[in-house]
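> Before anything else, here's the structure in question.
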């Protein structure tokens, strides 16, 4: 089985944080974080088994 981190793009994931508004609510930050996580997972190009493991980990952490 390949390492899940092998599929992450070399671009720093948190670069988009600078584009986020500075005066957001906690709920809005949570929504933005979930959107970021979903975007990164979609860009990982995982096989179905690895994808389900990644999604399960984030769902169990309450982030998806």
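The values are calculated or read from the model by the stated rules, or taken from the named source; none is laboratory data. Worth saying up front: this structure is predicted, and the values here are computed from it rather than measured. Glycine gets a Cβ as well: all are built from the backbone with ideal geometry, and neighbour counts include every protein chain shown.
> Anything in the stretch 19-55 that is closer than 16 Å to residue 6 by Cα and not in a helix (DSSP H, G or I)? List them, or say none.
Scanning the stretch 19-55 gives 44, 45, 46, 47.
> So which of 23, 60, 2 ends up being on the phi < 0 side of the Ramachandran plot and modelled with pLDDT of 85 or more?
Values: 23 fails: modelled with pLDDT of 85 or more; 2 fails: modelled with pLDDT of 85 or more.
Only one candidate qualifies: 60.
> Here is a list of conditions, (1) at pLDDT below 65; (2) surrounded by 12 or more Cβ atoms within 10 Å (Cβ to Cβ), and residue 28 meets all of them except one; can you say which number that is?
Here residue 28 clears every test but (1).
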